[in-house]
Amino acid sequence: TVRVVHCGIEPARFPQPAEMPGGGTLRLVNIGRFAEQKGQLLLPEALAMARARGVDVHLTLVGDGPMRPQIEAAIAAHGVGDAVTLTGWLDEAGVRRVLAESHALILPSFAEGLPMVVMEAMAAGRPVIATYIAGNPELVIPGETGWLVAAGDTEALAKGIIDAAGTSGEHLHRMGQAGRARVLQRHDIYRQAQKLAPLIQEA
């Protein structure tokens, strides 16, 4: 018999989300180690493609890692230096701040499990643009809690950005609330612990 107990988040760490930012610029954030499997190297080109189609977008990259020089080179090569902020690693308060200042999380990964960063972004009331891999589709429901795109497809990633930019602030808010409800219902750490405890006792 296979029993599934999901990894969890602490609801108390995610109070009622901040309001969506105003203004006409779509603000995206990516959080994670700069490594090949995380796919950040695709983001500068996707941003350039979206901007070429009239999208006003800004990306904040939170993290660091071995791919940073290549990512910086791609930012320069695609001419999007004015639309990208690299923060380095941030503490928990810093991550919450950039999530609150963003409209959505973008995660162009090639390999994941069920990313904690997706759970935390949703708990913070932010929709997610993510690749259609591994556990992402469990939480990212197209049109409801975010957008799913093919891994490695820069055109699809750009379309996800364009679609997010064409979504009203009110609708983004509703998507964020739907994502928050979904992740808290499925990944409340205390509910998961209640599932796990009897399995340990049984064993």
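The values are calculated or read from the model by the stated rules, or taken from the named source; none is laboratory data. Since the structure is predicted, the reported quantities are computational estimates derived from the model, not experimental observations. Positions of Cβ are generated from backbone atoms using ideal geometry, with glycine treated the same way; all protein chains shown enter the neighbour counts. Note: areas computed on protein heavy atoms with side chains; ligands, DNA, RNA excluded. Shrake-Rupley method; radii C 1.70, N 1.55, O 1.52, S 1.80 Å.
Legend: Rg and Dmax of the chain, from Cα coordinates, 17.0, 59 Å. What is the local net charge at LEU107, summed over the other residues whose Cβ is closer than 13 Å to its Cβ (Lys, Arg +1; Asp, Glu -1)? Local charge sum for LEU107: +1. Across the stretch 187-193, computed HN-Hα scalar couplings (Karplus, 6.51 cos²θ - 1.76 cosθ + 1.60, θ = phi - 60°) run 10, 4, 5, 6, 5, 5, 5 Hz from first to last residue, x flagging Gly and Pro. Measuring nothing but protein heavy atoms, the accessible surface of the stretch 57-203 at 1.4 Å probe radius is 56 percent carbon and sulfur.
Would you work out if the stretch 93-147 is rounded, prolate or oblate? Take a ≥ b ≥ c from the square roots of the eigenvalues of the alpha-carbon gyration tensor; rounded if a/c is under 1.5, else prolate when a/b is larger than b/c, oblate otherwise.
Details: a/c = 2.04, a/b = 1.50, b/c = 1.35.
Prolate, because a/c is 1.5 or more and a/b exceeds b/c.
Overall, the ratio between the Cα radius of gyration of the stretch 1-103 and 2.2 N^0.38 Å, rounded to two decimals, is 1.26.
The fraction of Cα-Cα pairs per 10 angstrom bin, counted from 0 for the stretch 1-43, comes to 17, 23, 39, 17, 4, 0 percent, rounded to whole percents.
Between rounded, prolate and oblate, where does the stretch 119-178 land on the alpha carbon gyration tensor, with a ≥ b ≥ c its root eigenvalues, rounded for a/c under 1.5, else prolate if a/b exceeds b/c? Spell out each step's value before the answer.
On the way: a/c = 2.39, a/b = 1.21, b/c = 1.98.
In terms of gyration-tensor shape, oblate.
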